[in-house]
Amino acid sequence: MINYKTIREQVSTYIRDQILQSKIKPGERILEQEIADELEISRGPVRESLRQLEQEGLLEYRRNRGCVVREFQKEDAAEIFFIRSALEAASVMYCEGNIPDSLLAQMEEVLNRMQDTADNGELTEFVEQDQMFHSLIVKACGLERLYALWNSLTPVSIALFMTDSRKNFVLKKQYLRHKQVLEALKSKDVDQAQKAIYAHYVKTEALFSDKE
């Protein structure tokens, strides 16, 4: 059972990476047998991996086509960012704005790496650091279920930036927006921090709706 689960997770990671690296394009069909042959495994763990990725929101089943990579629209970005901002704002409210200095220091370190990555134009690494930065905001409240809910949106959040549905994504501009959020969090003022989080996501969502 343990070995089987390990294989399933490895297959899920493999397919997920293929999607996030745009090696499998949005709208492209995924065939169980092809994946099984490529990885030299049975179709069982592949089938379960596809179900897992469907639950994550990366895949969907279409009539007469089967399993395909989901094509994200601006409405997807609006919904995902609305939920994420609400959860992060809730975390700040729960801890009354008192984010531990140790977490603020970690955010500062991530922000510094984001600046270097922005200068180098490395999108994949920048997006990973983006996720890390926001995860620390949610971890501040110490609520495991809230964090689990936020983290369940991570695959789709990354996919939004890594697929062709992304537009106008300027790394240096995004770095500065994260810097504004961190400064607000350092103030330990709940209202100021929440407004900064919401403003950040509104501007980020605009990247997907041609408003910027």
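Quick check: is even one residue across segment 41-53 polar (S, T, N, Q) and at positive phi?
Within segment 41-53 (the criterion being polar (S, T, N, Q) and at positive phi), the answer is no, since none of the residues qualifies.
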Residue check for Glu109: modelled with pLDDT under 90, surrounded by fewer than 17 Cβ atoms within 10 Å (Cβ to Cβ) and not aliphatic (A, V, I, L, M): no
Residue in segment 26-35 that is at pLDDT below 85, surrounded by fewer than 17 Cβ atoms within 10 Å (Cβ to Cβ), outside the structural domain of Thr124 (by TED's automatic domain parsing) and of a type in the set (Gly, Ala, Ser) present: no
Residue in segment 94-101 that is in a helix (DSSP H, G or I) and surrounded by 20 or more Cβ atoms within 10 Å (Cβ to Cβ) present: no
Flag for Val68 being touching a Gly at 6+ places or on another chain (Cβ under 8 Å) and crowded, with 17+ Cβ neighbours inside 10 Å: yes
Filtered residues of segment 14-46 (kept if outside any loop (DSSP other than H, G, I, E, B), within 22 Å of Glu71 (Cβ to Cβ) and not hydrophobic (A, V, I, L, M, F, W, C)): Tyr14, Arg16, Asp17, Gln18, Arg29, Glu32, Glu34
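The values are calculated or read from the model by the stated rules, or taken from the named source; none is laboratory data. Just so you know, these numbers come straight off a predicted model, no measurement behind them. Cβ atoms come from the backbone with ideal geometry, glycine included; neighbour counts cover every protein chain shown.
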